[in-house]
Structure formats: structure tokens, C-alpha cells
Amino acid sequence: MMASDYYKILGVSKTAGIDEIKKAYRKLALQYHPDRGGDEATAEKFKEVSEAYQVLSDPEKRSQYDQFGRTDFSAAGNQAGFGGFQGGFENMDFDFGGFGGLGDIFENFFGQAFSQVQAEIKITPAQAVIGDKLEANIGGEKIKFDIPAGVQDGQAFRFPGRGRAHNNGRGDLILTVRIEMPRHISKEQRELWQKLRESESKKHSWWN
């Protein structure tokens, strides 16, 4: 099944960052939430907005959507209804003042959504090329994992059951790798990079 134009639904560009996507979703979710009244069309619009956020807020799903223009998981999400919604709400500040308990409705409606945690970890170019064993403190919990050799910037890894707790257990942790280029390097490091560049120039490709 071809997916809807999720970027158009949320009113953001294809290069939008997660903060912009969250802001757009928050605005539309409050506008079309069924608790505020409205007809069947409004409820359908709210469902579309929720599905779009579910995909674009998840690095793995967004990557699949951008690459193939379709998602195999949207159908399952639609059959599950709002209870199957797995989008992430972490670090989103909802102001529900004046809406009479809308915050409680969101929490009950999307209980599992709050259980998914998204985080980023910065690594050096050397760690990206040859891999490494790392330990990170995320949400007060130590996470040990292996960075595979050749990892790409923005590549995401899923850790089932390492997110926040909810009524049915615990959600997942989505950890995104960011390769951080050094702004300042020592003389020794510069010499090493120069040798690497010279070695690269002798090959047709970096990886051959």
C-alpha cells in the first residue's frame, strides 16, 4: 500500500528536523483531537496526523518511507486504531490549559506512545570506521552496545524493552548515531589524517 504524503499532512518539508515535526504535530493534534468536537472528517484528519507523526518521528520508519515511499507498518497501525499508535512523545511539552483534562485523555489514549525513547550518541570518525564498544547512560540506565564498523551518520538502532515503562511492559529505545567531526586537532592527529588522505588518493575508492 502506498503511503500518504506524511510531510504534506503535517505541513513540513522533507528536510524538517524532529523538533519541527513535533511542533507541527502538537499543533494539529490539538486542533483535530476528537475530544474537542467535530465531525467524522475531523476524526479522520486526526487519524492521518497521528499516523504521519508515527512514521516521521521514528528514524527507522522515516528512512524506509523516504527511500521506498511506502511503509509496511502503516496497515497494522490502522487496524490497531489509536491504541496501536507507537509514535514518540518524549520531550514534547503539551499545554492543555483550558481544555478540561485533555492531558489525561492523551495519556490514556496513547499510553504506549510515551514509552518509546529516542536518543542520540556522538562518536568520532575513527569509531565510525573501525567500530567500538560503548556504554551510555540514557534515562538513568546504562546501555552497553557495539558500534559496527562502517556505521553511517544518522543510522538508528532499536533496543526492545529499554524504553519507558507502561501498562503493558516497556517501550523501545531508538538510539541514533551521530558522527562528530573534530573542530580542533593536534599536530599528531593532523599528520595521521594527512597520511590517510594520501593513502586514499592512491585508490579508486575509499573502501577498495
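Those strands (runs of 3 or more DSSP E) of segment 129-199 in which 3 or more residues are at pLDDT 90 or above and at positive phi are absent.
Of the candidates I174, I147, the single residue that is under 14 Å from the mean Cα position of the chain (by Cα), buried (at least 18 other Cβ atoms within 10 Å of the Cβ) and not assigned by TED's automatic domain parsing to the domain that holds Q54 is I174. The lone criterion from (1) of a type outside the set (G, A, S); (2) within 22 Å of the chain's Cα centre (by Cα); (3) outside any strand (DSSP E or B); (4) at pLDDT 70 or above left unmet by M92 is number (4).
Whether any residue in segment 65-77 is at pLDDT 85 or above, in contact with a strand residue (DSSP E or B) (Cβ under 6 Å, 6 or more places away or on another chain), among the charged types (D, E, K, R) and outside any helix (DSSP H, G or I) is what I want to check. No, segment 65-77 has no match at all.
The values are calculated or read from the model by the stated rules, or taken from the named source; none is laboratory data. Since this is a predicted model, take the numbers as computed values, not measurements. Because the Cβ atoms are built from the backbone with ideal geometry, glycine has one as well, and the counts that use them run over all protein chains shown.
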